[in-house]
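Student: The structure's right below; bear with me while I get my questions together.
The values are calculated or read from the model by the stated rules, or taken from the named source; none is laboratory data. For clarity, every value in this text was computed on a predicted model and none was experimentally measured. When we count neighbours, we look across all protein chains shown, and the Cβ atoms used for this are built from the backbone with ideal geometry, even at glycine. Accessible surface areas use protein heavy atoms only, side chains included; no ligands, DNA or RNA. Shrake-Rupley method; radii C 1.70, N 1.55, O 1.52, S 1.80 Å.
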Amino acid sequence: MNLHILKKTVIFSFIMGFAVIANSADYTDGDFKKMKAQSLKYKFKLGWFTLGGGMLHFEENNLIVKNEPYHVVKAHAYTDGMAAFFTDMDDHYKSVINNRTLKPYLSEKHVTIKNGFWDQWNSFDYNKKEITVKAKRTKNGEKSDRAWTVKMTDDSYDIVSSFVYFMDVNWSQKHKGDTVMIMTHYDKKVYPVGVIYLGKETIKYNDRKVNTYHTQIYLPADKEYTVGRPVYAWLSTDGRNIPLVIQSKLAFGNATCELIELDGKEPAF
C-alpha cells in the first residue's frame, strides 16, 4: 500500500465532504447567506475497514472584519484504526469567509508531515489579486519560517470556502452534464476545480432510500490521484446540499466518506 497516496486520499475525501456550509439561494437574509448546520461528523472507510474520521464546525457571523460579519468554519481530519499504523494524521483547517460573497479573508492549516508539522496562514487580497502566505515547518524538532505570494483570480478560494461555494449552487436548476468551475488555492498556485452535475439519484443511506443530487468532483490539473479514479459525491436535496456520501475507487479498494452525525444527532433525510 502506498502510504503517501493513502494519506492524500484521506485528506482529499474529508475536505471534499467538509466544506458544507449548507447554503442555498432559498436560505438568505438580504445579501447574507446563512448556515443551516452547526456541525457535521464523517467516517472514512476503505472497504469494510474504518480508517479515520473528520468533523466540521460552523460558526455563523462569528467574526467582524472591517465592519462586515464573517463566518468561521473549522475542519478536523484524523486517521484511526488500521490507518493509524500506516500514517498518523491529525490535521486542522480553518477558514474565515465573507457571509455575502463566500470568499475567504483568511485561512489556516495545521497538518502533520513526516517527522513533524506544517503550520500555514493565508491572507486573500482581492484588490491586488494576491494571496500572502506565511508558513512554519517543524521537522525533527527544527523549525523554519517560510513566506511567499500567490497570484490569483477573482474567483479564487481556499479549500474549505471552495466547497462552501459549491454548496451554495442551486443544483435543482442545473441540467445533467452542467459543470461549475472555480479556482482553488493549494500550496503555491491556484488550480481549477469543478463539480459536474450528473442528475438526481436515489441511494440507500442509513437503511433508507434517499433522494440525492449525484455529482462528480473534477480536478483537471490533477494527474496523480483522480485520473482513472473519479470522485463522486451525493448531496441532500432538502435545500441544504449536504454531502451524504463521497466515494472514490482506489487501486486497493473503494474509499468512502460517509456522514454519520448532523448537529450531534443521527442524520435523517
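Student: Could you please find all residues in segment 169-187 being assigned to a helix (DSSP H, G or I) and surrounded by 13 or more Cβ atoms within 10 Å (Cβ to Cβ)?
Tutor: Initial filter on segment 169-187 (assigned to a helix (DSSP H, G or I)): 171-173.
Passing the criteria: Trp171, Ser172.
Student: Still on this structure, I have one more. Quick check on my filter: what residues within segment 99-118 are out of contact with any helix residue (DSSP H, G or I) (no Cβ under 9 Å at 6 or more places or on another chain), assigned to a strand (DSSP E or B) and buried (at least 16 other Cβ atoms within 10 Å of the Cβ)? Before you say what the answer is, go through the steps one by one.
Tutor: Residues of segment 99-118 out of contact with any helix residue (DSSP H, G or I) (no Cβ under 9 Å at 6 or more places or on another chain): 99-101, 105-106, 108, 110, 113-118.
With the extra rule that they be assigned to a strand (DSSP E or B), the set shrinks to 105-106, 108, 110, 113, 116-118.
Tyr105, Leu106, Glu108, His110, Trp118 - these are the residues of segment 99-118 that are out of contact with any helix residue (DSSP H, G or I) (no Cβ under 9 Å at 6 or more places or on another chain), assigned to a strand (DSSP E or B) and buried (at least 16 other Cβ atoms within 10 Å of the Cβ).
Student: Just one of Phe124, Phe166 is open to solvent by less than 40 Å² (accessible area, probe 1.4 Å), part of a strand (DSSP E or B) and among the aromatic types (Phe, Trp, Tyr); which is it? Show your work before the answer.
Tutor: Working: Phe166 fails: part of a strand (DSSP E or B).
Just a single option satisfies the conditions, and that option is Phe124.
Yes/no matrix, rows are residues, columns are (1) free of Cβ contacts under 8 Å to residues at least 12 places away in the same chain; (2) of a type in the set (A, V, I, L, M, F, W, C); (3) over 22 Å from Leu40 (Cβ atoms):
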position	(1), (2), (3)
Asn99	no, no, no
Ser123	no, no, yes
Asn127	yes, no, yes
Thr149	no, no, yes
His175	no, no, yes
Leu198	no, yes, yes
Glu201	no, no, no
Asp207	yes, no, no
His214	no, no, no
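Student: If you don't mind, another one. In this structure, does Asn115 turn out to be of a type outside the set (Gly, Ala, Ser) and within 19 Å of Val65 (Cα to Cα)? It would help to see each step written out before you state the result.
Tutor: Working: of a type outside the set (Gly, Ala, Ser): yes; within 19 Å of Val65 (Cα to Cα): no.
No, not satisfied.
Student: I'd like the full set of residues that are closer than 14 Å to Met183 by Cβ and either open to solvent by 70 Å² or more (accessible area, probe 1.4 Å) or at pLDDT below 95 (or both), limited to segment 127-136.
Tutor: Start the filter on segment 127-136 by keeping residues that are closer than 14 Å to Met183 by Cβ, which leaves 129-131.
If the condition is that a residue be closer than 14 Å to Met183 by Cβ and either open to solvent by 70 Å² or more (accessible area, probe 1.4 Å) or at pLDDT below 95 (or both), then Lys129 is the only one that fits.
Student: Restricting to segment 127-139, give me the number of residues that are part of a strand (DSSP E or B) and either polar (S, T, N, Q) or closer than 14 Å to Leu106 by Cα (or both). Full working, then the answer.
Tutor: Here is the first cut: in segment 127-139, the residues part of a strand (DSSP E or B) are 130-139.
Then drop every residue that is not either polar (S, T, N, Q) or closer than 14 Å to Leu106 by Cα (or both), which leaves 130-135, 138.
Looking only at that region, the number is 7.
Student: Hey, Val190 hits all of (1) farther than 30 Å from Trp118 by Cβ; (2) among the β-branched types (Val, Ile, Thr); (3) modelled with pLDDT of 95 or more but one; which does it fall short on?
Tutor: All conditions pass for Val190, except number (1).
Student: Looking at segment 140-159, can you tell me whether even one residue there is under 20 Å from the mean Cα position of the chain (by Cα) and either more than 24 Å from Glu68 (Cβ to Cβ) or part of a helix (DSSP H, G or I) (or both)?
Tutor: yes
Student: If I ask for residues that are exposed (fewer than 13 other Cβ atoms within 10 Å of the Cβ), of a type outside the set (S, T, N, Q) and modelled with pLDDT of 95 or more, which ones from segment 137-163 would you list? Walk me through how you get there before you give the answer.
Tutor: First, the residues of segment 137-163 that are exposed (fewer than 13 other Cβ atoms within 10 Å of the Cβ): 140-148, 151, 153-154.
Add one more test, that the residue is of a type outside the set (S, T, N, Q), and what stays is 141-143, 145-148, 151, 154.
Once the filter is applied, which keeps residues that are exposed (fewer than 13 other Cβ atoms within 10 Å of the Cβ), of a type outside the set (S, T, N, Q) and modelled with pLDDT of 95 or more, segment 137-163 yields Asp145, Arg146, Ala147, Trp148, Lys151, Asp154.
Student: Something else: Quick one: which of Asp90, Asp119, Asp155 is out of contact with any His (no Cβ under 9 Å at 6 or more places or on another chain) and not β-branched (Val, Ile, Thr)?
Tutor: On the way: Asp90 fails: out of contact with any His (no Cβ under 9 Å at 6 or more places or on another chain); Asp119 fails: out of contact with any His (no Cβ under 9 Å at 6 or more places or on another chain).
Result: Asp155 is the single residue among Asp90, Asp119, Asp155 that is out of contact with any His (no Cβ under 9 Å at 6 or more places or on another chain) and not β-branched (Val, Ile, Thr).
Student: Test Tyr197 against the stated conditions and say whether it is in a strand (DSSP E or B) and in contact with a Lys or Arg (Cβ under 6 Å, 6 or more places away or on another chain).
Tutor: yes
Student: So, one more: Can you go through Ile217, Ile242, Ile203, Ile196 and tell me which one is within 20 Å of Val160 (Cβ to Cβ), in contact with a Ser or Thr (Cβ under 7 Å, 6 or more places away or on another chain) and open to solvent by less than 50 Å² (accessible area, probe 1.4 Å)? Show your work before the answer.
Tutor: On the way: Ile217 fails: in contact with a Ser or Thr (Cβ under 7 Å, 6 or more places away or on another chain); Ile203 fails: within 20 Å of Val160 (Cβ to Cβ); Ile196 fails: within 20 Å of Val160 (Cβ to Cβ).
Testing whether each residue is within 20 Å of Val160 (Cβ to Cβ), in contact with a Ser or Thr (Cβ under 7 Å, 6 or more places away or on another chain) and open to solvent by less than 50 Å² (accessible area, probe 1.4 Å) leaves just Ile242.
Student: Still on this model: Looking at Gly177, is it of a type in the set (Gly, Ala, Ser), in contact with a strand residue (DSSP E or B) (Cβ under 8 Å, 6 or more places away or on another chain), farther than 24 Å from Lys94 by Cβ and at pLDDT 95 or above?
Tutor: Numbers: of a type in the set (Gly, Ala, Ser): yes; in contact with a strand residue (DSSP E or B) (Cβ under 8 Å, 6 or more places away or on another chain): yes; farther than 24 Å from Lys94 by Cβ: yes; at pLDDT 95 or above: yes.
Answer is yes for this residue.
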